[in-house]
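Student: Dumping the structure here so I can ask a few things about it.
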Amino acid sequence: MSASPRTRVRVRARHRHNGWGYLFLAPWLVGFFLLVLGPMAASLALSFTDFNLFDPPKWIGLDNYRQAFFDDERFWNALRVTFTYVFASVPARLAFALAVAMLLNRGVRGLRVYRAVYYLPSLLGGSVAIAVLWRQLFGSDGLLNHFLSWFGADTGHSWIADPDTSLLTMIVLAAWQFGSPMIIFLAGLRQIPQELYEAAELDGAGPIARFRAVTLPLLSPLIFFNLLLQVIGAFQAFTPAYVVSNGTGGPSDSTLFYTLYLYEEGFTQFHMGYASALAWVLFAVIAVFSAIAFLSSKYWVHYADVRS
Amino acid sequence: MSVLNRPAGTTAPSWRRFALHAALAAGAFVTVYPLLWMTGSSLKPENEIFGGSSPVPGNPTTEHYTEGWSAGGDFGTYFLNSLTISVLAVIGNVLACSMAAYAFARLDFRFRKLWFALMLATIMLPYHAVLIPQYFLFHELGWVNTILPLVIPKFLATDAFFVFLMVQFIRSLPPELDQAAAIDGCNPFQTYRRLIFPLLRPALVTTAAFTFIWTYEDFFSQLVYLNDSSQYTVPLGLRMFLNSMGDSSYGQLFAMSVLTVLPVFVLFVLFQKHLVEGISTGSVKG
């Protein structure tokens, strides 16, 4: 904020509601220190220990990290599975979201009904019930194979039980839930002044050129926002893989999402020091990705008040 | 409205409009087909489920519902437990997040900007980074296997995106209202209670609907904290049912699955407008 020296002095001199402000903020402050900041510091400290919840933690320095990076194939496998999942499902989800939002933005009648129908999977998709459904859809006797049999394809193949395709079914499930970024894109598309498209058209721009010159730049803040939130969310995906694979991450660890491995280490093996180290690696991965997104954003995210 | 403001497409030839509707309808059909098929299959005799891809049952029966309800453990208790946790979570979020949001949006106190920045940063923090020490804390307090670890954090405004949603909303209210209330002798608490809280209603409804749905569907933290089957919630009960049935009786599994998503579906129909607006303002994850 650009305050003149005089107003700045005035603001510093009095905070009118110090007492009331902290009274209203008290629940959040307690939660922040007790459930966020404190536990973050504690999990960093625990990541350097051998800890099983019942005995006092034993300091072992970097051993947990050393073990993860140099001695743990399942750790690397979990990372590989999770990266594959994130970098396949997020672009697919955002592409569907943008494509459907653009169709819905063409002044179509019945917009609310379409929007509701496309949004529904976003609301239900993370539930156990949908994971149950997915097990059937892609099972050997499932709906997908039934459709494929119409085209004479082999019907006995279980997409869930085959390690080569099991992760793909998880990616399809994630892509299916494109409704919530779609709604954000739709709200953004409605803010783009129609005049810009008409001006571009007068300049001889075809549909693709208009998309690249008008839609993409003006929508880029929302693309950035969606990308960031979806990637952070996708790194933490858990329920579908856990339920479909009976909690194992199988077959052959092919759906061993990072969070599944962390849960297994922490809460079935009670390797809580090791699980804390895993948590901090995940935190670091997400932080690095977010930093890349923020640092690169000045090259590709355009804000409305900037002339382009 | 001038011609220039017309949405694109209204001037398009009718065959293009028809093609647009056809594409959207086809996409919508593919999108909801799995849900329709599951619902239909829950009403089919078992041998019909695998026989066809049509969602319409040939010989409708409700036997899967009655059999699944009695075979699947104690679904009555699961629903009651889920309902208790979700309702308490809603109350917690509505109260605690609106209090924090009022402080951030309207009150003037030291380090307000610092706290606000930290609050925003926690939106991006992965839950796993705090999971194990939180579990240790709740374990030491003797709260594991109770609903407290799932409910108490909501009363401490830890769902930061709802705080942000409400801050945005309060900032859009004219500040003259607060000033008028102050001139009338209201202290900040009275202003919050009599003015801001009632005006905040749309954001509170959005928060309540999302909190209910996400708490009701949440699986991970319930899996971590609830180990005793008498404490089981709907997601845990359904997953236990799945484990005990394997792939042997999809009819009953589908019937119970449909029952478990029914409350979410009803809320979705009732509060669609608030949910969509909550997402559109761009502050709610999804």
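Student: For the range A:65-110, enumerate the residues that are farther than 25 Å from A:Pro181 by Cα and in contact with a Leu (Cβ under 8 Å, 6 or more places away or on another chain).
Tutor: Correct list: A:Ala68, A:Arg74, A:Phe75, A:Asn77, A:Ala78.
Student: Select from the range A:261-270 the residues that are in contact with a helix residue (DSSP H, G or I) (Cβ under 6 Å, 6 or more places away or on another chain) and more than 9 Å from chain B (Cβ to nearest Cβ) and list them in ascending order.
Tutor: Correct list: A:Tyr261, A:Glu265.
Student: When you scan the range B:66-76, do you find a residue that is away from chain A (no Cβ under 14 Å) and farther than 27 Å from B:Phe254 by Cβ, even just one?
Tutor: no
Student: For the range B:261-284, check the following and say yes or no: at least one residue is on the phi > 0 side of the Ramachandran plot and either touching a helix residue (DSSP H, G or I) at 6+ places or on another chain (Cβ under 7 Å) or in contact (Cβ under 8 Å) with a residue 24 or more places away in the chain (or both).
Tutor: Within the range B:261-284, one or more residues are on the phi > 0 side of the Ramachandran plot and either touching a helix residue (DSSP H, G or I) at 6+ places or on another chain (Cβ under 7 Å) or in contact (Cβ under 8 Å) with a residue 24 or more places away in the chain (or both).
Student: Can you pull out the residues in the range A:148-191 that are among the hydroxyl-bearing types (Ser, Thr, Tyr) and under 30 Å from B:Val276 (Cα atoms)?
Tutor: A:Thr169, A:Ser180
Student: Got a number for residues in the range B:101-145 being part of a helix (DSSP H, G or I), under 17 Å from A:Gly266 (Cβ atoms) and either touching a residue at least 24 places away in the same chain (Cβ under 8 Å) or out of contact with any helix residue (DSSP H, G or I) (no Cβ under 8 Å at 6 or more places or on another chain) (or both)?
Tutor: Adding up the residues that qualify gives 5.
Student: In addition: Take B:Ser70 and decide whether it is in a helix (DSSP H, G or I) and modelled with pLDDT of 95 or more. Quick ask: steps written out before the conclusion?
Tutor: Details: in a helix (DSSP H, G or I): yes; modelled with pLDDT of 95 or more: no.
In short, no.
Student: A further question follows. Would you say A:Ser158 is over 29 Å from B:Thr233 (Cα atoms), buried (at least 16 other Cβ atoms within 10 Å of the Cβ), of a type in the set (Ser, Thr, Tyr) and out of contact with any Cys (no Cβ under 8 Å at 6 or more places or on another chain)? Steps first, please.
Tutor: Numbers: over 29 Å from B:Thr233 (Cα atoms): yes; buried (at least 16 other Cβ atoms within 10 Å of the Cβ): yes; of a type in the set (Ser, Thr, Tyr): yes; out of contact with any Cys (no Cβ under 8 Å at 6 or more places or on another chain): yes.
Yes; evaluated as a whole, the condition is true for this residue.
Student: Can I ask one more? Please indicate, with yes or no, whether at least one residue in the range A:249-257 is buried (at least 22 other Cβ atoms within 10 Å of the Cβ) and assigned to a helix (DSSP H, G or I).
Tutor: no
Student: Quick one: in the range B:143-169, of everything that is farther than 13 Å from B:Ala89 by Cα and buried (at least 22 other Cβ atoms within 10 Å of the Cβ), which residue is nearest to the other protein chains (Cβ to nearest Cβ)? Spell out the reasoning first.
Tutor: Step one: of the range B:143-169, the residues farther than 13 Å from B:Ala89 by Cα are B:143-146, B:160-161, B:163-169.
Then drop every residue that is not buried (at least 22 other Cβ atoms within 10 Å of the Cβ), which leaves B:160, B:163-167, B:169.
Working: B:Ala160: 9, B:Val163: 7, B:Phe164: 12, B:Leu165: 13, B:Met166: 12, B:Val167: 12, B:Phe169: 16 Å.
The residue in question is B:Val163.
Student: So A:Leu218 passes all but one of these: (1) loosely packed, with under 15 Cβ neighbours inside 10 Å; (2) in a helix (DSSP H, G or I). Which condition number does it fail?
Tutor: Single failed check for A:Leu218: (1).
Student: Out of A:Arg115, A:Arg106, which single residue is in contact (Cβ under 8 Å) with a residue 40 or more places away in the chain and of a type in the set (D, E, K, R)?
Tutor: Exactly one residue qualifies, and that residue is A:Arg115.
Student: Within the range A:259-278, does at least one residue satisfy the condition of being assigned to a helix (DSSP H, G or I) and within 20 Å of A:Gln177 (Cβ to Cβ)?
Tutor: yes
Student: Taking B:Leu204 as the residue in question, decide whether it is crowded, with 22+ Cβ neighbours inside 10 Å and facing chain A (nearest Cβ under 8 Å). Steps first, please.
Tutor: Details: crowded, with 22+ Cβ neighbours inside 10 Å: yes; facing chain A (nearest Cβ under 8 Å): no.
Spelling it out, it is not the case that B:Leu204 is crowded, with 22+ Cβ neighbours inside 10 Å and facing chain A (nearest Cβ under 8 Å).
Student: Moving on. Do you know which of the residues in the range B:213-240 that are in a helix (DSSP H, G or I) and among the polar types (S, T, N, Q) is surrounded by the fewest Cβ atoms within 10 Å (Cβ to Cβ)? Spell out how you get there, then give the answer.
Tutor: Initial filter on the range B:213-240 (in a helix (DSSP H, G or I)): B:213-217, B:220-225, B:229-231, B:234-240.
Right, trim to among the polar types (S, T, N, Q) and you get B:215, B:221-222, B:229-231.
Working: B:Thr215: 24, B:Ser221: 16, B:Gln222: 23, B:Ser229: 13, B:Ser230: 9, B:Gln231: 17.
Among those residues, the one meeting the criterion is B:Ser230.
Student: If you don't mind, another one. So which residues in the range B:241-284 are among the charged types (D, E, K, R), surrounded by fewer than 16 Cβ atoms within 10 Å (Cβ to Cβ) and under 30 Å from A:Leu189 (Cβ atoms), if there are any at all?
Tutor: The answer is B:Lys273, and nothing else.
Student: With respect to B:Leu35, determine if the residue is within 21 Å of the chain's Cα centre (by Cα), crowded, with 18+ Cβ neighbours inside 10 Å and under 27 Å from B:Ile213 (Cβ atoms).
Tutor: yes
The values are calculated or read from the model by the stated rules, or taken from the named source; none is laboratory data. All figures in this text were calculated on a predicted structure; none of them were measured in a lab. When we count neighbours, we look across all protein chains shown, and the Cβ atoms used for this are built from the backbone with ideal geometry, even at glycine.
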